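What follows is a set of notes on a single structure, which appears directly below.
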């Protein structure tokens, strides 16, 4: 995992803001929710609600190596590509512009699947 991804993911889960090169993390939103947002080239590629422990990811139409690398840094996310087809945790992604919900809990670097 690249250092920029490590730093971004650390900020993402630790409720901090981060900005380096093409990647940024913003904690909170205008409604005051306990949510972290991950951006790549100003595309909103991930959102984590710290209260509900729900992670949402979105390739924003870009199945690029960089987008996959940033998202693969998140707990419970494994995005790969075979023959130009994107897969999320082994399931083919039909729409790369759609939000995908991953339920679970992030605790000290460990991911626990939701029920």
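The values are calculated or read from the model by the stated rules, or taken from the named source; none is laboratory data. Bear in mind the structure is a predicted one, so any value in this text is a computation, not a measurement. Heads up, the Cβs are rebuilt from the backbone with ideal geometry, glycines too, and the neighbour counts pull from every protein chain shown.
A few points about this structure:
- Identity of the residue in segment 12-27, in a loop (DSSP other than H, G, I, E, B) and touching a strand residue (DSSP E or B) at 6+ places or on another chain (Cβ under 7 Å), that ends up nearest to residue 55 (Cα to Cα): 15
- Scanning segment 3-30 for residues that are crowded, with 17+ Cβ neighbours inside 10 Å, touching a helix residue (DSSP H, G or I) at 6+ places or on another chain (Cβ under 8 Å) and free of Cβ contacts under 8 Å to residues at least 24 places away in the same chain yields 18, 24, 25, 27.
- Breaking point among (1) under 12 Å from the mean Cα position of the chain (by Cα); (2) outside any strand (DSSP E or B); (3) crowded, with 17+ Cβ neighbours inside 10 Å; (4) at pLDDT 95 or above, for residue 69: (3)
- Meets criteria (crowded, with 17+ Cβ neighbours inside 10 Å, touching a residue at least 12 places away in the same chain (Cβ under 8 Å) and within 19 Å of residue 25 (Cα to Cα)) for residue 44: no
- Qualifying residue in segment 72-89 (condition: closer than 20 Å to residue 19 by Cβ and surrounded by 13 or more Cβ atoms within 10 Å (Cβ to Cβ)): yes
- Any hit, segment 33-55, residues being at pLDDT 90 or above, in a loop (DSSP other than H, G, I, E, B) and under 11 Å from the mean Cα position of the chain (by Cα): no
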